[in-house]
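In what follows, a structure is listed as structure tokens, so that the remarks can point back to it.
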């Protein structure tokens with residue numbers, strides 16, 4: 001069996017250097033040496049004993065990735081979740097950590113995982129505040145939240161400036177001449193992300209003299225999947241000329257349903273999304289949306305978490321990323337009304 005000592009001898013370096021490369025701690029190792037060690041590892045078939053290493057170092061290399069789910073839903077059917085978790089996994093592997101992906105709506109399970117798996121840290125994605133209040137183990141391990149505005153002492157946060165994103169969407173649609181507008185959310189009653197995007201959207205419309213009524217703020221399932229409810233919306237005397245959706249997947253399903261009702265996008269109704277997922281380029285028509293850099297978000301989350309794993313005395317950190325308008329063909333310019 002090939003050992004760490006064998007790898008070090010063949011590479012002409014110390015065992016500590018080989019260990020650092022395996023663990024992703026490569027800051028003081030030259031690129032040439034890193035590549036030489038990795039090549040020897042691949043060619044020799046060396047497989048690190050993660051359990052033994054964790055015991056020897058008295059630390060785990062496991063990161064719990066906790067994602068909000070409802071019932072037995074497949075979270076990876078959500079394209080945003082798939083993109084984000086994929087980017088997180090790549091960043092964690094690159095830094096010598098391994099994700100334990102847990103998706104659940106029962107936060108007693110989360111409590112058990114944080115304690116039982118002896119995780120080095122935890123990443124929470126889009127978790128609703130009512131659940132976070134019940135997780136008493138959050139202060140046990142370094143933690144980073146994403147897309148969550150609930151403040152917990154000692155917990156860190158990386159998110160998107162959702163208020164500014166909503167304002168940007170409002171200014172763009174109003175600038176294109178739209179005055180009759182609607183907003184479709186994922187879970188407006190529970191999701192802080194949706195609430196912040198709606199807040200920004202309303203604020204962004206004020207300079208144009210537009211007031212978004214409560215009747216024009218609509219829930220996702222009842223709107224984009226139910227033709228009868230959507231029909232009631234589009235047959236209103238003041239039917240919206242443009243609809244801002246809080247996610248690309250919502251916008252994509254909305255356009256599909258509208259098309260099945262022989263309502264053309266953007267000729268009859270303009271549609272705008274949020275995220276700029278790969279699907280936005282292949283919808284019909286291609287979707288105008290607001291881009292958040294998911295890979296950058298994942299990188300910042302992992303870097304922040306590792307900082308707090310290595311130094312548990314650091315003060316909490318909060319970072320907001322900006323968004324960028326990506327203009328395609330799903331929004332039509334109107335004459336000002």
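Annotations for the structure displayed:
- Of everything listed in (1) in contact with a helix residue (DSSP H, G or I) (Cβ under 8 Å, 6 or more places away or on another chain); (2) surrounded by 15 or more Cβ atoms within 10 Å (Cβ to Cβ), the single unmet condition for residue 211 is (2).
- Among the helices (runs of 4 or more DSSP H) confined to segment 46-154, the ones with at least 2 residues that are touching a strand residue (DSSP E or B) at 6+ places or on another chain (Cβ under 6 Å), at pLDDT below 90 and surrounded by 13 or more Cβ atoms within 10 Å (Cβ to Cβ) are located at 107-116.
- When every residue of segment 306-315 is checked against the conditions, none turns out to be in contact (Cβ under 8 Å) with a residue 24 or more places away in the chain, assigned to a loop (DSSP other than H, G, I, E, B) and surrounded by 15 or more Cβ atoms within 10 Å (Cβ to Cβ).
- Qualifying residue in segment 231-254 (condition: within 19 Å of residue 284 (Cα to Cα) and surrounded by fewer than 14 Cβ atoms within 10 Å (Cβ to Cβ)): no
- Candidate set from segment 25-44 (those that are modelled with pLDDT of 80 or more and assigned to a loop (DSSP other than H, G, I, E, B)); member that is surrounded by the fewest Cβ atoms within 10 Å (Cβ to Cβ): 30
- Meets criteria (surrounded by 13 or more Cβ atoms within 10 Å (Cβ to Cβ), modelled with pLDDT of 85 or more and either assigned by TED's automatic domain parsing to the domain that holds residue 94 or under 27 Å from residue 63 (Cβ atoms) (or both)) for residue 22: no
The values are calculated or read from the model by the stated rules, or taken from the named source; none is laboratory data. The model shown is predicted, which means the values in this text are computed figures rather than measured ones. No Cβ is skipped: glycine too gets one built from the backbone with ideal geometry, and neighbour counts run over all protein chains shown.
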